Amino acid sequence: MNDLRMSEKARPLLEAVIKHIAENVDPITEEFYRLGEGREDRWSYAPGQLELLETAKKKARESGLWNFFLPNSETGEGLSNLDYAYIAAELGKNPLASETLNCSAPDTGNMEVLERVGTPEQKEKWLKPLLAGEIRSAYAMTEPDVASSDAKNIATSAVLEGDEWVINGEKFYISGAGDPRCKIMITMVKTSPEAETFKQQSQILVPIDTPGVTIVGPMHVFGHDDAPHGHMHIKFENVRVPKENILLGEGRGFEISQLRLGPGRIHHCMRSIGSAEKALDMMLDRSLNRKAFGKRIVDLGKNMETISRARIDIEAMRMMVLKGAKAMDVLGNKEARIWVSAVKALVPEKACQIIDQAMQVHGAAGLSQWFPLSEMYVGQRTLRFADGPDEVHHHVVARAEVQGYQDSNDRKARVARSVGGRMFEGP
């Protein structure tokens, strides 16, 4: 658990990824977003945007840089979670980097689910084009009318009628569902309301163009619609999909969630390290090259301490992410959930603070379209809700601490009783 070194076999891949981002992604990023400005249909890509992206993806595939996120898999590179953590930190430094290597959320989690539990038919129809980077996907769980951080509350229903599931309900903040390339959703539904608590939910594949699926519109984040990716509000009204579209089996939705959310949560945090690194680099560049009151900004106030704390926090986050990744490799996703929750509770909050400090050093321009800091901040602030809010993850960690403490005291008491002693004197 404490050996957090990257494997020797993965080091050349890391170097290749860094080279790919520098040579094929960074040079097109500004042009990609410039082309998208002022497009007539916000829920599409402007001419030339996807061509730029596909060119970078083609170069990545030709270099053997593809689907790194699948741990210990024959389909992808077969990296451990620990090795992928080092690579994902580099991907977090550029908003286009992940997609050029086919490592973008929510596709990563969806592909991992399909690979682990999908039938041969489901893999052929949906996993194959996802692995090829030909389509995008979404994960539809969160609902507007219930507290979805407690997944037992999920109310969207799926009733089996003959050979079809009939789905009715409402979802919101469904990330990626606005992308015209999004073709399939993994949808969390309630199929067995009379079953025991954790056997009531299932996950079903729903093509986004199925009759009855209505994209109401985008949910805004800090006033932004994040088009064309989007975080969509979706209604399911008598949506019919084949019986065989269920994943793994009826009542196994929670089981699939644990399979999906552990890696997904930590993948986000891996990329957050890169985002925080980029913010610190920008903070340094601005504070070293700009003067106020006769001094460089770096020499004003407590800015040197701010830079120090940012570096210390980044290294602390990095160690936590690496330890969480190693826990998944060694213990498995289920047993590593406490480590994953600790990482998820820590990293987005600290990354937000570092980006906020970088904005402060940049002055008013740090909030503007001239710099990517405001979008970076929105992404990290949103992550404090995505895949479970901070409070849920703190509860998971604290519950384990309480249980561990109680179990430890119980063991001491048992030992004391077995030798005729007492743990304490009392009435």
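Where a number appears in this text, it was derived from the coordinates with a stated rule and is not lab data. What you see is a predicted model, and the numbers here were worked out from it, not measured in a lab. No Cβ is skipped: glycine too gets one built from the backbone with ideal geometry, and neighbour counts run over all protein chains shown.
List of remarks:
- For TYR173, the residues 5 or more places off, or on other chains, whose built amide H falls under 5 Å of its own are MET219, MET232, HIS233.
- R0 of 25 Å, Cβ-Cβ distance SER157-TYR405: FRET efficiency to nearest 0.05: 0.05
- Take the Kirkwood radius over Cα pairs of the chain, plug it into Stokes-Einstein at 4 °C and 1.567 mPa s, and you get 56 µm²/s for translational diffusion.
- Length, then width, then depth: along the principal axes, the Cα atoms of region 115-196 run 39, 30, 22 Å.
- Isotropic mean projected area of the C-alpha convex hull, region 39-134 (nm²): 7.0 nm²
- Average Cα contact separation per residue, region 321-399, under 8 Å, 6 or more apart, as relative contact order %: 34 percent
- Globularity index of region 367-406, i.e. its alpha-carbon radius of gyration over 2.2 N^0.38 Å: 1.81
- Those lysines that a straight Cα-Cα span of less than 26 Å connects to LYS59, excepting residues fewer than 8 apart in one chain: LYS9, LYS19, LYS93, LYS123, LYS125, LYS128, LYS183, LYS278
- Candidate lysines for bridging to LYS190, where Cα separation is under 16 Å - those fewer than 8 sequence places away on the same chain excluded: LYS152, LYS171, LYS199, LYS235, LYS243
- If you look at the Cα atoms of region 119-272, you get an Rg and a Dmax of 15.0, 46 Å.
- Every pair of different Cα atoms in region 214-364 enters the Kirkwood calculation, which places the hydrodynamic radius at 18.7 Å.
- Point-to-point label distance, SER308-THR214, nm (Cα→Cβ direction, 7 Å offset): 5.9 nm
- Dimensionless Rg over Rh [region 97-149; C-alpha; Kirkwood]: 1.06
- Packing around the peptides 39-51, 196-208, taken as the average count of other Cβ atoms within 10 Å per residue, puts them in this order, highest first: 196-208, 39-51.
- Estimated 222 nm signal from helices in the chain, with DSSP H stretches of n ≥ 4 weighted -39500 (n - 2.57), rounded to 500: -15500 deg cm²/dmol
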